[in-house]
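Accompanying notes for the structure given below.
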Amino acid sequence: SQQGEEDPQALSIQEGENATMNCSYKTSINNLQWYRQNSGRGLVHLILIRSNEREKHSGRLRVTLDTSKKSSSLLITASRAADTASYFCATDSNTGNQFYFGTGTSLTVIP
Amino acid sequence: DVKVTQSSRYLVKRTGEKVFLECVQDMDHENMFWYRQDPGLGLRLIYFSYDVKMKEKGDIPEGYSVSREKKERFSLILESASTNQTSMYLCATTSPRGVSYEQYFGPGTRLTVT
């Protein structure tokens, strides 16, 4: 399976702290994406980083990619209670037509 | 904004029933996907389709079939539901013509098979 893995599986922090989640994957990629899922809902796209990029920012989100280690990290700065959700990384197949999702990190931000 | 809708949010069926889950998108996307999501296993791809009447098996197609007669609609069929198909089912779309290839997800259908 090409499925990735997120680490940690669960994370609990206080509001205002930073949250870091990691993703490891198995094969070479074109792109890596991060998604968020609120409880019982569909996933929402957060950010995409291409294989030739090392870092990308979007608002309070910072994503890094290390293709040599086949890993990525998602940093959420100054977390809010509303950031409580599960976060998934997804990598694409060689054709770009198929996506492989990790098992997710469950983030709880305590007000 | 892309809108992806799924026919039901919650569904309860009996073992052996034939179950249809429908997904409709309004953005003329070519690619559509069906995933199931289970605790500790993440999202697993069941089937995907890159064009009308075209389908490809994903990682776990056993016990499922799909139908794509129109571009905007992708149906997942459980021929004979079993209790191990109790899960959250998520539909997603993407356009290979898009810059980002991001997937747009429906709200999900939580299926319980008793």
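Identify, from the list A:Gly40, A:Gly59, the residue that is within 14 Å of chain B (Cβ to nearest Cβ) and either touching a residue at least 24 places away in the same chain (Cβ under 8 Å) or of a type outside the set (Asp, Glu) (or both).
On the way: A:Gly59 fails: within 14 Å of chain B (Cβ to nearest Cβ).
The conditions single out A:Gly40.
Considering only residues of the range A:68-94 that are surrounded by fewer than 17 Cβ atoms within 10 Å (Cβ to Cβ) and over 15 Å from A:Gly16 (Cα atoms), which is farthest from the chain's Cα centre (by Cα)?
Restricting to residues being surrounded by fewer than 17 Cβ atoms within 10 Å (Cβ to Cβ) and over 15 Å from A:Gly16 (Cα atoms), the top hit is A:Asn94.
Can you find, within the range A:2-52, the residue that is surrounded by the fewest Cβ atoms within 10 Å (Cβ to Cβ) among those that are of a type in the set (D, E, K, R), at pLDDT below 95 and outside any strand (DSSP E or B)?
Here is the first cut: in the range A:2-52, the ones of a type in the set (D, E, K, R) are A:5-7, A:15, A:17, A:26, A:36, A:41, A:50.
When the remaining residues are screened for being at pLDDT below 95, the result is A:5-7, A:26, A:41, A:50.
Cutting the leftovers down to outside any strand (DSSP E or B) gives us A:26, A:41.
Working: A:Lys26: 13, A:Arg41: 17.
Out of the qualifying residues, it is A:Lys26.
Inspect the range B:50-61 for any residue being more than 14 Å from every other protein chain (Cβ to nearest Cβ), over 12 Å from the mean Cα position of the chain (by Cα) and of a type outside the set (A, V, I, L, M, F, W, C) and give the result as yes or no. Explain how you work it out, then say what you get.
Narrowing the range B:50-61 to residues more than 14 Å from every other protein chain (Cβ to nearest Cβ): B:52-53.
Checking which are over 12 Å from the mean Cα position of the chain (by Cα) leaves us with B:52-53.
Filter once more, so that each one left must be of a type outside the set (A, V, I, L, M, F, W, C): B:53.
Yes.
Determine if the range A:64-84 includes at least one residue that is part of a loop (DSSP other than H, G, I, E, B), under 27 Å from B:Thr93 (Cβ atoms) and in contact with a strand residue (DSSP E or B) (Cβ under 8 Å, 6 or more places away or on another chain). Outline the logic, then answer.
Kept after step one, since they are part of a loop (DSSP other than H, G, I, E, B), are these residues of the range A:64-84: A:67-70, A:77-80, A:84.
The next check asks that each one be under 27 Å from B:Thr93 (Cβ atoms); those that pass are A:84.
Of the ones still in play, those that are also in contact with a strand residue (DSSP E or B) (Cβ under 8 Å, 6 or more places away or on another chain) are A:84.
Yes, because at least one residue in the range A:64-84 is part of a loop (DSSP other than H, G, I, E, B), under 27 Å from B:Thr93 (Cβ atoms) and in contact with a strand residue (DSSP E or B) (Cβ under 8 Å, 6 or more places away or on another chain).
Does any residue of the range B:8-18 turn out to be assigned to a loop (DSSP other than H, G, I, E, B), within 11 Å of chain A (Cβ to nearest Cβ), touching a residue at least 24 places away in the same chain (Cβ under 8 Å) and on the phi > 0 side of the Ramachandran plot?
Taking the range B:8-18 as the starting set, the residues that turn out to be assigned to a loop (DSSP other than H, G, I, E, B) are B:8-9, B:14-18.
Narrowing further to those that are within 11 Å of chain A (Cβ to nearest Cβ): B:9.
Keeping just the survivors that are touching a residue at least 24 places away in the same chain (Cβ under 8 Å) gives B:9.
Retained after the next criterion (residues that are on the phi > 0 side of the Ramachandran plot): none.
No, that holds for no residue.
The values are calculated or read from the model by the stated rules, or taken from the named source; none is laboratory data. Everything numeric in this text was worked out from a predicted model, so none of it was measured. Quick reminder, even Gly has a Cβ in these numbers, built from the backbone with ideal geometry, and neighbours come from all protein chains shown.
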